[in-house]
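Novice: Can you keep this structure in mind? I'll have questions shortly.
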Amino acid sequence: MTDPLKTGSTIGILGGGQLGRMLSVAAARLGLRTHIFEPGAQPPAGDVAHRITTASYEDTDALEAFARSVDLVTYEFENIPTTALDTIEAITPIHPNRRALGTSQDRLTEKTFLEGIGLTVAPFADITDAASLHDALAGIGAPAILKTRRFGYDGKGQVRIMAAQDADTALAELAGAPAVLEGFIDFTCEISVIAARNPQGEVACFDPGENVHRDGILHTTTVPASIPASLRTDAVLLAGRVLNALDYVGVMGVELFVTPGGLVVNEIAPRVHNSGHWTQNGCTVDQFEQHIRAISGWPLGDGRRHADVTMENLIGDDMDRVPALAADPSCALHLYGKADAKPGRKMGHVNRITS
Ligand code: AMP
């Protein structure tokens, strides 16, 4: 256990999107600096960070210079090349740890791990070719979902199989990528727990939020979720179990399906999460500050919620609604400073206080 990070220290963040931006703002509030590493030009986090390096994840010299300039490194997305992490970790610590990242980067490893710690996941099978898909469908049954093991996000890299005869077309759509087949979960709703753990082993969870997706992208998160108190407790305890098993440091998003038989874990994200944005206006310490506190070895906020909130993502031309939302006193706007409002692009979000 190292000492807590001192004011004036610098946190390196891999990725300069909106999550990196909001992490940078939270760090600045605590008197800490951020240095963003991002291959793309003019990233949203660049406007608010202390420093930015524009370089590719294959650029070892740039990665080494970045690692030397910071006190520790964190990340805002999962798909960081292993070689880049090796280069950085030889110089400075990375939180959350490599095991958490490796586990969540691959759906097969992730499900195997979750099942191994006694949690329920959808029935799943490793798919390597047409024969394994046919065998898996015979066992799991249709409908089912074929998902790439890696690089899936916002519903991308997955195909629904409604009947066994759709199998070959589904496999062709994934173009040979290693995949898993998942049984279809008939859920009553989707919730997520945003949980945090610091190096001292303290764990704090935010109230589970209820998530609604549109076209595979998160549309709204509402707190409180419309679930019984007992399930809320189950969800929070389950998230704590995941964090402890991974000796995790930082904030994690745990996505769950609520079913009549209990909670089924969909996936875990080793980072701040879109479904935790409501905490910015619903809690004293939000998920971004909580992550900075956790990786810096500071005490955690307790996660208590002081308002009912609905978070709505502003995607593409939802930006046309900004003037009206700005005039609504129940709404807190969070815009990411992105220039082009392309369809499907997350441009900002709004937290509406509902009581
Ligand atoms: P994912 O990228 O795995 O989080 O999946 C995106 C969305 O697809 C989820 O939020 C669910 O709405 C739906 N989905 C994914 N997996 C399943 C499943 N096994 N059963 C039912 N719905 C699913």
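The values are calculated or read from the model by the stated rules, or taken from the named source; none is laboratory data. Here the structure is a predicted model, which means the values were calculated and not measured. So basically every Cβ, Gly included, is an ideal-geometry build from the backbone, and we count neighbours across all protein chains shown. Note: accessible area is taken over every heavy atom of the protein model, side chains too, but ligands, DNA and RNA are not part of it. Shrake-Rupley method; radii C 1.70, N 1.55, O 1.52, S 1.80 Å.
Novice: All but one of (1) within 16 Å of the ligand (Cβ to nearest atom); (2) open to solvent by 20 Å² or more (accessible area, probe 1.4 Å) hold for ASP207; state the number of the condition that does not hold.
Specialist: Just one mismatch for ASP207, condition (1).
Novice: Then there is this: Residues in the range 121-171 that are among the basic types (Lys, Arg) and more than 28 Å from PRO81 (Cβ to Cβ): how many?
Specialist: Looking only at that region, the number is 1.
Novice: Considering only the range 79-89, I want to know if a residue exists there that is modelled with pLDDT under 95, in a loop (DSSP other than H, G, I, E, B), buried (at least 17 other Cβ atoms within 10 Å of the Cβ) and not aromatic (Phe, Trp, Tyr).
Specialist: yes
Novice: Would you check if there is a residue in the range 153-161 being among the acidic types (Asp, Glu), within 13 Å of the ligand (Cβ to nearest atom) and not in a strand (DSSP E or B)?
Specialist: Yes, the range 153-161 contains at least one residue that is among the acidic types (Asp, Glu), within 13 Å of the ligand (Cβ to nearest atom) and not in a strand (DSSP E or B).
Novice: Let me ask you something else. Considering every residue within the range 120-127, establish whether at least one is over 23 Å from the mean Cα position of the chain (by Cα) and either within 15 Å of the ligand (Cβ to nearest atom) or among the aliphatic types (A, V, I, L, M) (or both).
Specialist: There is at least one residue in the range 120-127 that is over 23 Å from the mean Cα position of the chain (by Cα) and either within 15 Å of the ligand (Cβ to nearest atom) or among the aliphatic types (A, V, I, L, M) (or both).
Novice: OK, next. Does LEU325 qualify as being within 21 Å of the chain's Cα centre (by Cα) and not aromatic (Phe, Trp, Tyr)?
Specialist: Considered against the rule, which asks whether it is within 21 Å of the chain's Cα centre (by Cα) and not aromatic (Phe, Trp, Tyr), LEU325 comes out as no.
Novice: Continuing with this model, one more query. In the range 179-198, is there at least one residue being surrounded by fewer than 19 Cβ atoms within 10 Å (Cβ to Cβ), more than 8 Å from the ligand (Cβ to nearest atom), farther than 30 Å from GLN280 by Cβ and not hydroxyl-bearing (Ser, Thr, Tyr)?
Specialist: no
Novice: Here is a list of conditions, (1) over 25 Å from ILE227 (Cβ atoms); (2) in contact with a strand residue (DSSP E or B) (Cβ under 6 Å, 6 or more places away or on another chain); (3) open to solvent by 60 Å² or more (accessible area, probe 1.4 Å); (4) near the ligand (Cβ under 10 Å from one of its atoms), and GLU173 meets all of them except one; can you say which number that is?
Specialist: Checking GLU173 against (1) over 25 Å from ILE227 (Cβ atoms); (2) in contact with a strand residue (DSSP E or B) (Cβ under 6 Å, 6 or more places away or on another chain); (3) open to solvent by 60 Å² or more (accessible area, probe 1.4 Å); (4) near the ligand (Cβ under 10 Å from one of its atoms), the one that fails is (4).
Novice: Out of (1) in a loop (DSSP other than H, G, I, E, B); (2) β-branched (Val, Ile, Thr); (3) in contact with a helix residue (DSSP H, G or I) (Cβ under 8 Å, 6 or more places away or on another chain), the odd one out for ILE185 is which?
Specialist: Going through the list (1) in a loop (DSSP other than H, G, I, E, B); (2) β-branched (Val, Ile, Thr); (3) in contact with a helix residue (DSSP H, G or I) (Cβ under 8 Å, 6 or more places away or on another chain), ILE185 breaks only (3).
Novice: Do you know which residues across the range 288-330 are charged (D, E, K, R), touching a helix residue (DSSP H, G or I) at 6+ places or on another chain (Cβ under 8 Å) and within 25 Å of PRO96 (Cα to Cα)?
Specialist: GLU289, ARG305
Novice: Considering only the range 74-107, how many residues are charged (D, E, K, R), touching a residue at least 60 places away in the same chain (Cβ under 8 Å) and within 16 Å of the ligand (Cβ to nearest atom)? Explain how you work it out, then say what you get.
Specialist: Here is the first cut: in the range 74-107, the residues charged (D, E, K, R) are 76, 78, 86, 89, 98-99, 106-107.
Cutting the leftovers down to touching a residue at least 60 places away in the same chain (Cβ under 8 Å) gives us 76, 78, 99, 107.
Those left that are additionally within 16 Å of the ligand (Cβ to nearest atom): 78, 107.
Residues in the range 74-107 being charged (D, E, K, R), touching a residue at least 60 places away in the same chain (Cβ under 8 Å) and within 16 Å of the ligand (Cβ to nearest atom): 2 in total.
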